[in-house]
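Notes follow once the structure below has been shown.
The values are calculated or read from the model by the stated rules, or taken from the named source; none is laboratory data. This one's a predicted model, so the numbers in the text were calculated from it and none came from an experiment. Cβ: placed from backbone, ideal geometry, glycine included. Neighbour counts: every protein chain shown. Heads up: the accessible areas ignore ligands, DNA and RNA and are worked out on the full protein's heavy atoms, side chains in. Shrake-Rupley method; radii C 1.70, N 1.55, O 1.52, S 1.80 Å.
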Amino acid sequence: MTKKLRIGVIFGGRSGEHEVSVRSARAVIEAIDSEKFEVVPIAITKEGNWLAPAAAAELLPKTSQRLLSSRTLGGKKEDVTIVGDPSRAGLMRINQKGGAAETLDVVFPVLHGTYGEDGTIQGLLEMAAVPFVGCGTLASACGMDKVAMKALFQNAGLPICDYTWFLRTQWESEPEKISRRIVRDIGFPAFVKPANLGSSVGISKATDKATLAKAIDLAARYDRKVIVEAAVEGREIECAVMGNNSPQASLPGEYVIHDEAAHFLDYTEKYAGTGKVEFVVPARISKTKVRKIQQMAIQAFQSIDGSGLSRVDFFLRPDGSLLLNEINTLPGLTDVSGFPQMWEASGVPFPQVIEQLIEWALERHRERARNETSI
């Protein structure tokens, strides 16, 4: 009988997207093939504490808990961690001396936002020589920082919307100067965002100088860097990408607004579903446009040196032209998220997506292990 691979699913985290991460972890745990994989849940609290599998399981719904092994549910609950020491690779209990208490074959970081999607945990896992799902340190950091991301898109010749950015300290010391620059270079309406966050957290629309100031104050609560983008008239199209050196793109999906009062797809609409916005997949566009979006999505993925998975967002303007909005290197994996829906429509069900991501994690780990580290 083939030994099951032990998959450490890390979720929660010190992020404004903590709750979304818990929902994504639930979806992964409930979809993963339990005949091939044993899940080891690892939760990170909002304060940054790493919880042992038995304690982490208590944050999941009963439907998820029933899929976990009795060893996990009955284990000790003292805090755990992963250290950047390859000789101690695995999940270590804080109060236990010696080697790793839990062997992990692959880590699946289902962490959205800061301290999870931004290269921090990816750097730790690379130092520890633990295979993990998703983009590496560089791609995660560049994919998280919207300013760095857009610079890489421009370098790859990909079309993007007009934008400007500044630091929180610059806004606090010279608000009038920053405001004048935005009015001059971007104009209204405009979208104000934290440069490093996702799930529409901290994002708002500015229509004049008063709403601009409020929007910047909000974004600055979440990041030291703020980006302001020109509003684009057009349809919001998404495309999912998976793979390593030869990535593939899914059929695109589209967010369709049914209520004009919904100015943009905010956090509530994404995860509560008020009915104002619907995600339609496949998007109702021509085959030629589908191929173009898939090509650009793969280009965007490769421009940041992506691996594993990403979701790429576009604007399709009334004249038929496409603008690249952003890439999300660890997209939502919940039951209402676009990434699994787009692959389902492309003929790849979610359990198969998870299995492929684990295979690509092992492949990427073997590739990294080829690098010489001494001379």
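A few notes on this one:
- Residue in the range 107-115 that is open to solvent by 40 Å² or more (accessible area, probe 1.4 Å) and assigned to a loop (DSSP other than H, G, I, E, B) present: yes
- In the range 241-265, the residues that are out of contact with any helix residue (DSSP H, G or I) (no Cβ under 8 Å at 6 or more places or on another chain), over 28 Å from Val133 (Cβ atoms) and at pLDDT below 75: His258, Asp259, Glu260, Ala261, His263, Phe264
- The listed residue being β-branched (Val, Ile, Thr), assigned to a loop (DSSP other than H, G, I, E, B) and within 19 Å of Thr103 (Cα to Cα), out of Thr2, Thr72: Thr2
- When each of Ser179, Ser200 is tested for being out of contact with any His (no Cβ under 8 Å at 6 or more places or on another chain), surrounded by fewer than 21 Cβ atoms within 10 Å (Cβ to Cβ), on the phi > 0 side of the Ramachandran plot and not β-branched (Val, Ile, Thr), the lone residue that passes is Ser200.
- Which listed residue, of Leu124, Leu104, is touching a Gly at 6+ places or on another chain (Cβ under 6 Å), at negative phi and either part of a helix (DSSP H, G or I) or among the β-branched types (Val, Ile, Thr) (or both): Leu124
- Residue within the range 161-169 that is touching a Phe, Trp or Tyr at 6+ places or on another chain (Cβ under 8 Å) and at negative phi present: yes
- Test for Asp162: is it among the acidic types (Asp, Glu) and crowded, with 18+ Cβ neighbours inside 10 Å: no
- Complete set of residues in the range 129-139 that are out of contact with any helix residue (DSSP H, G or I) (no Cβ under 6 Å at 6 or more places or on another chain) and in a helix (DSSP H, G or I): Leu138, Ala139
- Being hydrophobic (A, V, I, L, M, F, W, C), under 27 Å from the mean Cα position of the chain (by Cα), open to solvent by 10 Å² or more (accessible area, probe 1.4 Å) and closer than 23 Å to Glu117 by Cα is a property that holds for Phe191.
- Against the test of being among the acidic types (Asp, Glu) and in contact with an Asp or Glu (Cβ under 7 Å, 6 or more places away or on another chain), the options Glu238, Glu233 yield a single qualifying residue, Glu238.
- Residues located in the range 218-236, provided they are open to solvent by less than 10 Å² (accessible area, probe 1.4 Å) and in contact with a Gly (Cβ under 8 Å, 6 or more places away or on another chain): Ala219
- Qualifying residue in the range 49-70 (condition: β-branched (Val, Ile, Thr) and surrounded by 14 or more Cβ atoms within 10 Å (Cβ to Cβ)): no
- Long-range neighbours under 8 Å by Cβ, at least six apart or interchain, first residue in contact (Cβ under 8 Å) with a residue 40 or more places away in the chain within the range 50-62, second part of a helix (DSSP H, G or I): Pro53/Thr72; Leu59/Val22
- Test: residue in the range 334-346 that is buried (at least 16 other Cβ atoms within 10 Å of the Cβ), aliphatic (A, V, I, L, M), farther than 30 Å from Val147 by Cα and at pLDDT 95 or above: yes
- Figure legend. Inter-residue proximity from the range 22-39: first residues in contact (Cβ under 8 Å) with a residue 60 or more places away in the chain, second residues among the acidic types (Asp, Glu), beta-carbon distance below 6 Å, spacing 6+ or different chains. Indicated pairs: Ala27/Asp335.
- In the range 11-38, the qualifying residues are those that are crowded, with 24+ Cβ neighbours inside 10 Å and of a type in the set (Val, Ile, Thr), and the one that is nearest to Leu67 (Cα to Cα) is Ile29.
- Matching residues, the range 109-132, being more than 12 Å from the chain's Cα centre (by Cα) and not charged (D, E, K, R): Thr120, Ile121, Gln122, Gly123, Leu124, Leu125, Met127, Ala128, Ala129, Val130, Pro131, Phe132
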